[in-house]
Amino acid sequence: MKNEIKKIHVTLSEAEYDIYIGKNILSDIDKYFDVNNSNPERKILLITDDNIPSEYLDKIKAKLNNFYLFVVKNGEENKNFDNYQQVLKTLVENNFTRTDCLIAIGGGMVGDLSGIVASTFMRGIDLYNIPTTLLSQVDSSIGGKTAIDFMHVKNIVGSFFQPKGVLIDVETLKSLPDRQIKNGLVESIKMAATFDKNFFEYLNTKPDILENAEEIIYKSLLLKKDVVEKDEKEKNIRKVLNFGHTIGHAIEETMNLKLLHGECVGIGMLYFSSPEVKSAIKEILEKYGLPTSCDFNKDKVVELIKHDKKASGDTVATIHVNKIGTYDIIKMTLPEIAELLK
Ligand SMILES: NC(=O)c1ccc[n+]([C@@H]2O[C@H](COP(=O)([O-])OP(=O)(O)OC[C@H]3O[C@@H](n4cnc5c(N)ncnc54)[C@H](O)[C@@H]3O)[C@@H](O)[C@H]2O)c1
């Protein structure tokens, strides 16, 4: 069967880039990314985590010339200042210059860390992204958000910085645990619930995720592309991507890593939905075996929302869905949010 490659072109004010989605395309990295930039000696730093199967790295390395490797420990707690400095140190010690480049291979943790390094090293160095989790493929591969966590606050230090290119090889999902697959799928459900009723209905048919990964990733990215092209820096419509996140993030923190990000976002969406939408989202989450409730400390959650990056003054911009495929942005006070949680 012909291996059809899907391509999405992202156009932003200061950068444009292509996202390629296909099967077994890691070994063709040299076809999709001009990593040598006509200079066979161009230095490349590969950044990955210690849990990414080495076969992916081997396929990529086989096509590169002058590369170095930085392996960070896996896990969100490693998206930190120390590792940010360690990557910078590797670049400085190996005399990287602004004309060299980085390649991130991993989930959103590796992508975010690599992104902040790329955006700040010598005021910007080329970054190529190879996301390997469903969450990073449907979500963090587009939009240019980079970040590290600091003083126990998630993504508190970061920037907007666009990659030079993104390569999504859906075969990498085969080694990803099922729970992580479902975790990523929640972001697609979220985008469908807010922007695309047909896509929501399609996901509700419970297609086999691995078999239909290219389609699901492509559809999710087209929705997010439309949003980030209209609002690069999250001043208006991009806020809609936070549907379920205001409470979801806070639940995630209070659950001490017992639940994954997507699982918390799934639960979070239920609080900001009309009864009809709530039952539709609950149904789809249940179909995939995703949690629809958890025993979280409501006072603590409200306290955490106070420090949410989307909070301004006494209000927080929250996203509500009254009908699948539509959304409202509503400013809510903390007491109003506390009331919703009852
Ligand atoms: N920049 C953005 O727009 C954006 C959007 C959403 C999330 N994020 C960030 O992304 C991070 C979460 O990303 P994530 O869910 O990908 O988590 P992650 O990067 O921590 O990966 C989850 C786990 O899966 C492992 N893994 C990755 N790919 C694998 C593969 N193909 N096979 C087997 N194991 C694999 C990792 O080693 C890790 O243990 C958070 O830090 C979040 O803040 C960023």
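The values are calculated or read from the model by the stated rules, or taken from the named source; none is laboratory data. Note that the coordinates shown come from a computational prediction; the quantities given were computed from them, not determined experimentally. All Cβ positions, even for glycine, are placed from backbone atoms using ideal geometry, and neighbour counts span all protein chains on display.
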Please count how many residues of region 97-110 are away from the ligand (no atom under 12 Å from the Cβ) and under 20 Å from the mean Cα position of the chain (by Cα). 2
Within region 44-59, identify whether any single residue is away from the ligand (no atom under 16 Å from the Cβ), closer than 23 Å to Gln162 by Cβ and either among the hydrophobic types (A, V, I, L, M, F, W, C) or surrounded by fewer than 20 Cβ atoms within 10 Å (Cβ to Cβ) (or both), and answer yes or no. yes
Restricting attention to region 60-82, which residues are surrounded by 15 or more Cβ atoms within 10 Å (Cβ to Cβ), within 19 Å of the chain's Cα centre (by Cα) and modelled with pLDDT of 95 or more? Val72, Asn74, Asn78, Lys79, Asn80
Do you know which of the residues in region 124-156 that are among the β-branched types (Val, Ile, Thr) and closer than 24 Å to Asp226 by Cβ is nearest to the ligand (Cβ to nearest atom)? Thr133
Which pairs have Cβ atoms under 8 Å, sit 6 or more apart or on different chains, and link a residue in region 193-209 that is among the hydrophobic types (A, V, I, L, M, F, W, C) to one that is modelled with pLDDT of 95 or more and assigned to a loop (DSSP other than H, G, I, E, B)? Ala193/Phe243; Ala193/Ile324; Ala193/Gly325; Phe195/Gly325; Phe195/Tyr327; Phe200/Ile324; Phe200/Gly325
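Test Ile29 against the criterion of being surrounded by 15 or more Cβ atoms within 10 Å (Cβ to Cβ), within 11 Å of the ligand (Cβ to nearest atom) and either more than 22 Å from the chain's Cα centre (by Cα) or not in a strand (DSSP E or B) (or both), and give yes or no.
So Ile29 fails the test.
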Would you mention how many residues in region 220-230 are under 15 Å from the mean Cα position of the chain (by Cα) and not hydrophobic (A, V, I, L, M, F, W, C)? 3
Any residue at all in region 81-96 that's more than 14 Å from the ligand (Cβ to nearest atom), in contact with a helix residue (DSSP H, G or I) (Cβ under 8 Å, 6 or more places away or on another chain) and not aliphatic (A, V, I, L, M)? yes
Looking at region 151-173, which of its residues are modelled with pLDDT under 95 and out of contact with any Asp or Glu (no Cβ under 8 Å at 6 or more places or on another chain)? Met151, His152, Val153
Filter region 60-77 down to residues that are within 18 Å of Ser27 (Cβ to Cβ) and in contact (Cβ under 8 Å) with a residue 60 or more places away in the chain, then give me how many there are. 1
Checking Phe121, Phe70 in turn, the sole residue that is aromatic (Phe, Trp, Tyr) and within 15 Å of the ligand (Cβ to nearest atom) turns out to be Phe70
Having 3 or more residues that are within 15 Å of the ligand (Cβ to nearest atom) and within 21 Å of Lys23 (Cβ to Cβ) is the bar; report the helices (runs of 4 or more DSSP H) wholly within region 172-257 that clear it. 178-195, 213-230
On the basis of being assigned by TED's automatic domain parsing to the domain that holds Lys23, part of a helix (DSSP H, G or I) and touching a Phe, Trp or Tyr at 6+ places or on another chain (Cβ under 9 Å), does Leu135 make the cut? no
Go through Leu113, Leu57, Leu45 for me and flag whichever is more than 20 Å from the chain's Cα centre (by Cα), assigned by TED's automatic domain parsing to the domain that holds Ile156, in contact (Cβ under 8 Å) with a residue 40 or more places away in the chain and outside any strand (DSSP E or B). Leu57
Has region 14-24 got at least one residue that is of a type outside the set (Asp, Glu) and out of contact with any helix residue (DSSP H, G or I) (no Cβ under 9 Å at 6 or more places or on another chain)? yes
